[in-house]
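Undergrad: Next up is a structure, given as structure tokens.
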Amino acid sequence: AQSVTQPDIHITVSEGASLELRCNYSYGATPYLFWYVQSPGQGLQLLLKYFSGDTLVQGIKGFEAEFKRSQSSFNLRKPSVHWSDAAEYFCAVGAQGGSEKLVFGKGTKLTVNP
Amino acid sequence: GAVVSQHPSRVICKSGTSVKIECRSLDFQATTMFWYRQFPKQSLMLMATSNEGSKATYEQGVEKDKFLINHASLTLSTLTVTSAHPEDSSFYICSAVGSGGGFGKLFFGSGTQLSVL
């Protein structure tokens, strides 16, 4: 069965600093990988996804993520964080060839200091 | 992009009452919808898979008599929390898959915050 680990529960960065949120997955084959962002009391917004091909994926709002098969990782990065990026970030994995249900990590809460 | 609407966005009810949450795909037909539950400061856990015209498939540990799911049309799935209790208070969110399937056609709703007093 798939599983997702987000090792960092809470990260605080200063505005303008770079950001990396970690995500490790467990899955027997090449997974579908996703990053979602959730603002308080809101639904999920898809930042980016990896299905196949280029392992560096560009997303919305200046985010990118890199799929590293050897490390079973899909870390999310942003070179310069804005105050509006403060939110909860979820990494998720989906199985190929099956239904479109996702397994989510526990999330990382991002706080941005001015 | 495709829009999935959930209604209500927030509901407060008394213990023992039933609450219905709607998940609508506004501009596409969704043969499959998923219902997730999110406890405070926790991740999203899949509750059930809802297929149009058939019975929902529930994940292990989810009480199907407690959480009734109906997917009566290609654009609407409903989740009814029956005889709600305070422990049912949670954020419920649905996702819908467009025709043809695949993760590229997966879209999430905006969620419903349920508070049971």
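The values are calculated or read from the model by the stated rules, or taken from the named source; none is laboratory data. What you see is a predicted model, and the numbers here were worked out from it, not measured in a lab. Positions of Cβ are backbone-derived with ideal geometry, glycine not excepted, and every protein chain shown enters the neighbour counts. Note: accessible area is taken over every heavy atom of the protein model, side chains too, but ligands, DNA and RNA are not part of it. Shrake-Rupley method; radii C 1.70, N 1.55, O 1.52, S 1.80 Å.
Undergrad: Identify all residues within region B:60-73 that are surrounded by fewer than 17 Cβ atoms within 10 Å (Cβ to Cβ) and either hydroxyl-bearing (Ser, Thr, Tyr) or under 20 Å from B:Gly102 (Cα atoms) (or both); write none if there are none.
TA: Result: B:Ser73, single match.
Undergrad: Go over the candidates B:Gly104, B:Gly16, B:Gly61 one by one and state the one that is small (Gly, Ala, Ser) and part of a helix (DSSP H, G or I).
TA: None of the others qualify; the one that does is B:Gly104.
Undergrad: Being touching a helix residue (DSSP H, G or I) at 6+ places or on another chain (Cβ under 9 Å) and within 25 Å of B:Thr49 (Cβ to Cβ) is the filter here; which residues of region A:97-114 pass it?
TA: Kept after step one, since they are touching a helix residue (DSSP H, G or I) at 6+ places or on another chain (Cβ under 9 Å), are these residues of region A:97-114: A:100, A:102, A:110, A:112-114.
Of everything in region A:97-114, those that are touching a helix residue (DSSP H, G or I) at 6+ places or on another chain (Cβ under 9 Å) and within 25 Å of B:Thr49 (Cβ to Cβ) turn out to be A:Glu100, A:Leu102.
Undergrad: May I ask you to list the residues in region B:1-13 that are of a type in the set (Val, Ile, Thr) and either in a strand (DSSP E or B) or surrounded by 19 or more Cβ atoms within 10 Å (Cβ to Cβ) (or both)? So that I can check it myself, show each step before the final result.
TA: Narrowing region B:1-13 to residues of a type in the set (Val, Ile, Thr): B:3-4, B:11-12.
Across region B:1-13, the qualifying residues are B:Val4, B:Val11, B:Ile12.
Undergrad: Would it be correct to say that B:His85 is within 12 Å of the chain's Cα centre (by Cα), more than 23 Å from A:Cys91 (Cβ to Cβ) and either of a type outside the set (A, V, I, L, M) or open to solvent by less than 10 Å² (accessible area, probe 1.4 Å) (or both)?
TA: Against the criterion (within 12 Å of the chain's Cα centre (by Cα), more than 23 Å from A:Cys91 (Cβ to Cβ) and either of a type outside the set (A, V, I, L, M) or open to solvent by less than 10 Å² (accessible area, probe 1.4 Å) (or both)), B:His85 does not qualify.
Undergrad: Of the residues in region B:14-51, how many are aromatic (Phe, Trp, Tyr) and open to solvent by 10 Å² or more (accessible area, probe 1.4 Å)? Write out each step before concluding.
TA: Step one: filter region B:14-51 for residues aromatic (Phe, Trp, Tyr), giving B:28, B:34-36, B:39.
If we keep only those that are open to solvent by 10 Å² or more (accessible area, probe 1.4 Å) as well, we get B:28, B:39.
So the answer is 2.
Undergrad: Which of (1) under 22 Å from B:Ser43 (Cα atoms); (2) open to solvent by 40 Å² or more (accessible area, probe 1.4 Å); (3) more than 11 Å from chain B (Cβ to nearest Cβ); (4) not hydroxyl-bearing (Ser, Thr, Tyr) does A:Phe67 not meet, given it meets every other one?
TA: With respect to (1) under 22 Å from B:Ser43 (Cα atoms); (2) open to solvent by 40 Å² or more (accessible area, probe 1.4 Å); (3) more than 11 Å from chain B (Cβ to nearest Cβ); (4) not hydroxyl-bearing (Ser, Thr, Tyr), A:Phe67 is out only on (2).
This table checks each residue for (1) at pLDDT 95 or above; (2) under 13 Å from the mean Cα position of the chain (by Cα).
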site	(1), (2)
B:Cys23	yes, yes
B:Met47	yes, yes
B:Phe67	yes, yes
B:Leu74	no, no
B:Cys94	yes, yes
B:Phe108	no, yes
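Undergrad: In contact with a helix residue (DSSP H, G or I) (Cβ under 8 Å, 6 or more places away or on another chain), among the hydrophobic types (A, V, I, L, M, F, W, C), more than 11 Å from chain A (Cβ to nearest Cβ) and buried (at least 20 other Cβ atoms within 10 Å of the Cβ): which single residue out of B:Leu79, B:Leu114 fits that description?
TA: B:Leu114
Undergrad: Of the residues that sit in region A:85-114 and are in contact with a strand residue (DSSP E or B) (Cβ under 8 Å, 6 or more places away or on another chain) and free of Cβ contacts under 8 Å to residues at least 24 places away in the same chain, which one is farthest from B:Phe107 (Cα to Cα)?
TA: A:Ser99
Undergrad: Only one of these conditions is not met by A:Gly43: (1) at pLDDT below 95; (2) out of contact with any strand residue (DSSP E or B) (no Cβ under 6 Å at 6 or more places or on another chain). Which number is it?
TA: (2)
Undergrad: For the subset of region A:1-31 comprising residues that are under 12 Å from the mean Cα position of the chain (by Cα) and hydroxyl-bearing (Ser, Thr, Tyr), which member is most open to solvent (accessible area, probe 1.4 Å)?
TA: Taking the candidates together, the pick is A:Thr5.
Undergrad: Now, a different point. State all residues of region B:30-54 that are in a strand (DSSP E or B) and within 9 Å of chain A (Cβ to nearest Cβ); if no residue qualifies, say none. Working first, answer last.
TA: Kept after step one, since they are in a strand (DSSP E or B), are these residues of region B:30-54: B:30-38, B:44-51.
Once the filter is applied, which keeps residues that are in a strand (DSSP E or B) and within 9 Å of chain A (Cβ to nearest Cβ), region B:30-54 yields B:Thr32, B:Phe34, B:Tyr36, B:Gln38, B:Leu44, B:Met45, B:Leu46, B:Thr49.
Undergrad: Mind checking which residues of region B:6-59 are in contact with a strand residue (DSSP E or B) (Cβ under 6 Å, 6 or more places away or on another chain) and among the basic types (Lys, Arg)?
TA: Of everything in region B:6-59, those that are in contact with a strand residue (DSSP E or B) (Cβ under 6 Å, 6 or more places away or on another chain) and among the basic types (Lys, Arg) turn out to be B:Arg10, B:Lys20, B:Arg24, B:Arg37.
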